[in-house]
Amino acid sequence: MKRYGVALGIAFAFVGAPAAATHWTVDYAKSRLGFTVQWSGEPFSAEFKHWNAEIDFDPADLAHARASVTVDLVSEISDEPDFDSGLKGAEGFETSHFPAARFVTKSFAAKSANTYVARGTLTVRGISREIELPFALTISGDTAHMKGAAHVVRTDFGVGRGDWAAPTPVSPDVTVTIDLAATK
């Protein structure tokens, strides 16, 4: 009877233990996070040099997958330094009060072979909105490569105030892009 109790206890421990998706470590030297927006009819692209991502993901266990990304908005850089200072100012990200943006997933869904959608909350300037991030993922052994793009409306997050609130010269539609390399 004692053996039965021990065996039953071990079985419940395994059944009741929460599953965990694979933890991935981002290779920031090989990864890029940025955005593109139409500015005066021309594409304007910028990159964030500093950001941090905590990722647990297993294609076979999407229920336990999660990701949390914190972006240092002060680290935004482009080929247009004058635009960069404006973006960091009161009419843009207002980095003096809101130095970081954050994206936290709520769920993942498989769309087709190696393509997924992450659904979560993006917070910029203290304003949170639900967004979707479609992405393609290739896993080879202990390495992964992910590419995705999310479409957001900058004014939904208070980015673009005063003269920049109008849809011209800066479009309200922004494409956030990520090209990420990671290892197990």
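The values are calculated or read from the model by the stated rules, or taken from the named source; none is laboratory data. Given the structure is predicted, the values throughout are model-derived calculations rather than measurements. Methodologically, a virtual Cβ is constructed for each residue, glycine included, from the backbone with ideal geometry; neighbour enumeration extends over all protein chains shown.
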Can you pull out every residue in segment 90-129 that is in contact (Cβ under 8 Å) with a residue 24 or more places away in the chain, more than 16 Å from the chain's Cα centre (by Cα) and part of a strand (DSSP E or B)? 110
Answer yes if at least one residue in segment 121-132 is more than 30 Å from residue 168 (Cβ to Cβ), at pLDDT 95 or above, buried (at least 16 other Cβ atoms within 10 Å of the Cβ) and in contact with a strand residue (DSSP E or B) (Cβ under 9 Å, 6 or more places away or on another chain), and no otherwise. no
Applying the selection to segment 146-184, what residues are farther than 19 Å from residue 71 by Cβ and either assigned to a loop (DSSP other than H, G, I, E, B) or over 21 Å from the mean Cα position of the chain (by Cα) (or both)? 161, 162, 163, 164, 165, 166, 167, 168, 169, 170, 171, 184
Exclusive hit being in contact with a strand residue (DSSP E or B) (Cβ under 6 Å, 6 or more places away or on another chain), surrounded by 14 or more Cβ atoms within 10 Å (Cβ to Cβ) and touching a residue at least 60 places away in the same chain (Cβ under 8 Å), set 21, 46, 53: 53
